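Data first, discussion second: the structure below is written as structure tokens.
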Amino acid sequence: MIADLIRRSSCPVVRWLLVGALVSLAATAFAAPIEVVVASESWARLIYVDEKGSPQGEIVDFVERMNAVQHKYHFKFVVLPRLRLNKYFIDKLADVYPLRTVLWTEPELNLESTETILVSGDVYVAKRQNPYGGARIFDHVEARRLAGVLGYHYGVFRNNPDEDEIKKQFNVDFLPSNESVVNFLLADRAEVGIVPEFIMARYFRDPEMRRQLIVGDRFDSQVKFSNLVRKGGPISVADMNAIVDLLIQSGDVEKLKAKLSLRR
């Protein structure tokens, strides 16, 4: 349409303005996508680095789908150690923290919640064969030998992060990772472990894990998970919400829920 107007216009000034508009539109159409750095620590088999150093896992795949449903942004995934991850956000080297909640992040990271993608939380896990009679082990969780991850906030401890105070009231071991909690439980060194539902859903794809372990009916706590966006970064909350809406329409959010949920 603009090209037709250029051909029909007899005024040189108008012709130049129209040419400028055509060039601007062409540049926009072929502009390189805006790079957005998505950063996370490893998170069991949901986010990890393979032998070639490439990020892998269900959440990494979900971010790749964010690239597939639109072309304005290109999301680049990096996996970092936890302490280095915080510094990346503080130094504005990372822009999005995927599938997390601001309840678990420090204010200095300057992250904002976007549209809720999933609602999930931590679940109680135990050996199927136990002295209390199967699922009855979960009737009095606070009285069991417990295992959780150091630094996490748990409902059973009234969200108190102080390890010394917790240990005065509960029989609990704090370990470096969720995988360590599951292994501790399998080795009979704890009676009940507290593990994110996301991670237990991944473990329960293995029939042997389903044979050995059971999960309680109630959550220790539940939270809303979204893609956290750095304030002042290359992508706004509104644009991230628009991308999540596209993923809902495409069925990708529902597929992710099916993979990460124990209650289908």
Residue tally, condition out of contact with any Ser or Thr (no Cβ under 9 Å at 6 or more places or on another chain) and open to solvent by less than 40 Å² (accessible area, probe 1.4 Å), over segment 213-227: 6
Among residues of segment 211-241, those that are in contact (Cβ under 8 Å) with a residue 40 or more places away in the chain and either assigned to a helix (DSSP H, G or I) or of a type in the set (F, W, Y) (or both), counted: 8
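Return the total of residues in segment 104-145 being in a loop (DSSP other than H, G, I, E, B) and open to solvent by less than 20 Å² (accessible area, probe 1.4 Å).
Of the residues in segment 104-145, 2 are in a loop (DSSP other than H, G, I, E, B) and open to solvent by less than 20 Å² (accessible area, probe 1.4 Å).
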Filter result (open to solvent by less than 60 Å² (accessible area, probe 1.4 Å), assigned to a loop (DSSP other than H, G, I, E, B) and out of contact with any Gly (no Cβ under 9 Å at 6 or more places or on another chain)) within segment 74-103: L80, T101
Identity of the residue in segment 146-202, part of a helix (DSSP H, G or I) and of a type in the set (D, E), that ends up most open to solvent (accessible area, probe 1.4 Å): D164
Hey, L22 open to solvent by less than 40 Å² (accessible area, probe 1.4 Å), at pLDDT below 95 and in a helix (DSSP H, G or I) or not: no
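For every residue, the table says whether it meets (1) at pLDDT 80 or above; (2) of a type in the set (A, V, I, L, M, F, W, C); (3) on the phi > 0 side of the Ramachandran plot.
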| position | (1), (2), (3) |
| --- | --- |
| R7 | no, no, no |
| A32 | yes, yes, no |
| K52 | yes, no, no |
| I59 | yes, yes, no |
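The values are calculated or read from the model by the stated rules, or taken from the named source; none is laboratory data. Keep in mind that this is a model prediction, so the values were computed, not measured. Neighbour counts run over all protein chains shown; Cβ positions are idealised from the backbone, glycine included. Please note that ligands, DNA and RNA were not included when accessible areas were found on the heavy atoms of the full protein model with its side chains. Shrake-Rupley method; radii C 1.70, N 1.55, O 1.52, S 1.80 Å.
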